[in-house]
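So the structure is just underneath, and the comments pick up after that.
What follows draws every value from the coordinates through simple rules; no lab data is involved. Remember, it's a predicted structure, so these values are computed and weren't measured experimentally. Note: ideal-geometry Cβ built from the backbone for every residue, glycine included; neighbour counts use all protein chains shown.
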Amino acid sequence: MSSIASSIFTMPALPEVGHNDFDRAARILRARAGIILGKHKQEMAERTLGMRAKAMGLGTVEEYLDLLEHNAQSPQWEVFINAFTINHTAFFREQHHFAILAKFAKSRKKPFSVWCSASSTGEEPYSIAMTLRESCIAPDTGVSIWATDIDTHAIEAAKKGMYTSERVKPVPDEYLHKYFLRGTGHRSGMVRVKPALRGMIEFDVLNLLSPHWPAEQKFDAIFCRNTMIYFDKTTQTRILERFATVLKPGGLLFAGHSENFTYLTKAFRLQGQTVYVAT
């Protein structure tokens, strides 16, 4: 192979990764965001750290981690956390939850509010919004959704409410016609949520480990699905007990299919399949 061809196929070297850098990164990620970075992700994490260090013009990953630890207000924290968040979501994921939410909303007085605490790129809060528009009388008044996520990029995507036709396949055809606009021209194959649906939701960036949650209201329901699995048991318990303080009496907590909070706290009791009621 010629030297020219060889240079084409040679990947540029990333900054040096020290033998303690992964453990250090895992420790500071856990302290800042509560996210557990397992050893099985070490190879991926080290490459991600190397790419971040290179983007900052640094020679080693250690220097990048020093930058984070020595400046709690650095904008690099946002990039660091975003790199290790997982945004696996879908419209009407775990369908039974939305049937329960619809029935529950009909039984509650207004104002009716829902907190979607790990909203990712918006599929979940928009699914909640469609459910409430179908189940609540006059949903344009007294019905609201607060959608938060720690990932700033995910929240920006959620605010736009634009998706490929493939992403909205789980949405019933009736809802597609009522709540989405189809793209034309260079946006062919895309859809966008209609303003009436978007207007029901307030999107914010929020770290669940933050000492202060900015919401002043209490909620009828909280969705926190497939998120607690990234926290240790102590952190899970602390968040659950904080959730209980911002739920109205008899409010519901919707959890993920692989999450079980029965033995973590007495603040909730299991009411149905991965649905808990505040005690």
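Couple of notes before you dig in:
- Segments 249-256, 194-201 sorted - mean Cβ within 10 Å per residue, highest first: 249-256, 194-201
- Taking label points 7 Å from Cα along the Cα-to-Cβ direction, LYS160 and GLN42 give a separation of 3.7 nm.
- Antiparallel bridges, percent of DSSP beta bridges restricted to the chain (to nearest 5): 40 percent
- Nearest 10 degrees, 0 to 90: helix 42-55 Cα axis against the chain principal axis: 70 degrees
- Intensity falloff of the stretch 3-83 expressed as log10 I(q)/I(0), Debye formula with alpha-carbon point scatterers, at q = 0.20, 0.24 Å⁻¹: -0.86, -1.19
- Take the Cβ atoms of THR184 and GLN95, set R0 to 45 Å, and the FRET efficiency comes out at 0.90.
- D by Stokes-Einstein for the chain, Kirkwood Rh over Cα pairs, 4 °C, 1.567 mPa s: 63 µm²/s.
- Dipole axis of the stretch 28-110 (+1 Lys, Arg; -1 Asp, Glu on Cβ), positive-most option in LEU67, ILE100, ALA33: ILE100
- Rounded to the nearest 20, the Cβ-based charge dipole of the chain about its Cα centre (Lys and Arg +1, Asp and Glu -1) stands at 1140 debye.
- Local net charge near LEU67, Cβ-Cβ under 14 Å (Lys/Arg +1, Asp/Glu -1): -2
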